[in-house]
1. Could we say that T50 is at pLDDT below 85 and open to solvent by 50 Å² or more (accessible area, probe 1.4 Å) here?
2. On the given criteria, is A158 over 22 Å from A52 (Cα atoms) and open to solvent by less than 60 Å² (accessible area, probe 1.4 Å)?
3. Being under 56 Å from the mean Cα position of the chain (by Cα) and small (G, A, S) is the filter; apply it to the stretch 195-225 and report the residue that is most open to solvent (accessible area, probe 1.4 Å).
4. What are the pairs with Cβ atoms under 9 angstrom where one residue, in the stretch 11-34, is closer than 16 Å to L175 by Cα and the other, located anywhere, is not in a helix (DSSP H, G or I)? Sequence gap at least six, or different chains.
5. Looking at S190, S166, which one is closer than 30 Å to L216 by Cα, open to solvent by less than 70 Å² (accessible area, probe 1.4 Å), among the polar types (S, T, N, Q) and assigned to a helix (DSSP H, G or I)?
6. Kindly indicate the residue of the stretch 104-122 that is buried (at least 16 other Cβ atoms within 10 Å of the Cβ) and touching a residue at least 40 places away in the same chain (Cβ under 8 Å) and also farthest from R33 (Cα to Cα) among those meeting that condition.
7. Go through the stretch 175-186 and give me each residue that's out of contact with any Leu (no Cβ under 7 Å at 6 or more places or on another chain) and either surrounded by 15 or more Cβ atoms within 10 Å (Cβ to Cβ) or not in a helix (DSSP H, G or I) (or both).
8. Just checking, how many residues over the stretch 132-155 are open to solvent by less than 10 Å² (accessible area, probe 1.4 Å) and in contact with a Lys or Arg (Cβ under 8 Å, 6 or more places away or on another chain)?
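The values are calculated or read from the model by the stated rules, or taken from the named source; none is laboratory data. Just so we're clear, the structure is a prediction, and the values are computed from it rather than from any experiment. Cβ atoms come from the backbone with ideal geometry, glycine included; neighbour counts cover every protein chain shown. These area figures cover heavy atoms from the full protein model, side chains too; ligands, DNA and RNA do not enter into them. Shrake-Rupley method; radii C 1.70, N 1.55, O 1.52, S 1.80 Å.
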Amino acid sequence: MPASLTGRIVGAFAVLAIALWLAIGATMFVVLRGLHAEARSSALADVAQTFAVRVRAAVVDRELRQVIARIRDEVAGGTVTVHLLTADGSVVDVGPSDPAPQAPIPIPASMRIGETLTGTALFADGAVHNYAALVVRGPTAVAARAILLSTVDRAAGAALRDVGRSLPIVIVITLLVGAPLAILLSRSISRPLARLARRTSELVDPTAPPAPPLPLAGPREIRAL
């Protein structure tokens, strides 16, 4: 711990500022990660909707597997995986398999055809994926009920980059406001104490001439002293 009062006050402000920066950074990360994940799931839902007409036609023509195979070919080489889901969330095999969810993603019975279920889930490749499941059949469907599009969740990395760009601004503002406050506070206490110390040394010196009373300055406790 610093020996001087000024050092202790400035140190206390520094510790408080670091704790504040960590709290702000953690809060920003959690919020931004959720926003990025939601945006990615929404983007997948938009992609799924572009296939909606083709998928619905395939449901009528009983060619859903062929349409899904063509959709997989269109997104092959990209970052999007394609699956079919039954009503209980199990994956239906439609050919060369992409990494599948480790746990079922059940489709609520209340969801209607054309609606999209979004979220995140752990997949067989060991990564968390954002997904969007487009409902293409009713809740009583025996076979596939939804088409599932997914991509690896990279929201954490995107959130860290956003925090890395924003947090330095918070740090600079905190330093610009906090440092002068810490210095002013320490001086409001240390200067009256320094005057009191000098006057005390004069009182014990018999050769010192009489001096006027000390001004009442500083906090209430210092003025009382």
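1. Details: at pLDDT below 85: yes; open to solvent by 50 Å² or more (accessible area, probe 1.4 Å): yes.
The answer is yes for T50.
2. Numbers: over 22 Å from A52 (Cα atoms): yes; open to solvent by less than 60 Å² (accessible area, probe 1.4 Å): yes.
Against the criterion (over 22 Å from A52 (Cα atoms) and open to solvent by less than 60 Å² (accessible area, probe 1.4 Å)), A158 qualifies.
3. Within the stretch 195-225, the first condition is being under 56 Å from the mean Cα position of the chain (by Cα), and the residues that meet it are 195-198, 214-225.
After this cut, where a residue has to be small (G, A, S) as well, the list is 197, 217-218, 224.
Working: A197: 62, A217: 32, G218: 28, A224: 88 Å².
Checking each candidate, the answer is A224.
4. From residues that are closer than 16 Å to L175 by Cα, the pairs are G11/M1; G11/P2.
5. Details: S166 fails: closer than 30 Å to L216 by Cα.
So the residue among S190, S166 that is closer than 30 Å to L216 by Cα, open to solvent by less than 70 Å² (accessible area, probe 1.4 Å), among the polar types (S, T, N, Q) and assigned to a helix (DSSP H, G or I) is S190.
6. Here the residue is I113.
7. Residues of the stretch 175-186 out of contact with any Leu (no Cβ under 7 Å at 6 or more places or on another chain): 175-185.
Matches in the stretch 175-186: G178, A182, L185.
8. To start, the set of residues in the stretch 132-155 that are open to solvent by less than 10 Å² (accessible area, probe 1.4 Å) comprises 132-136, 144-151, 155.
Next cut, in contact with a Lys or Arg (Cβ under 8 Å, 6 or more places away or on another chain) only: 135-136, 144-146, 151, 155.
Counting residues in the stretch 132-155 that are open to solvent by less than 10 Å² (accessible area, probe 1.4 Å) and in contact with a Lys or Arg (Cβ under 8 Å, 6 or more places away or on another chain) gives 7.
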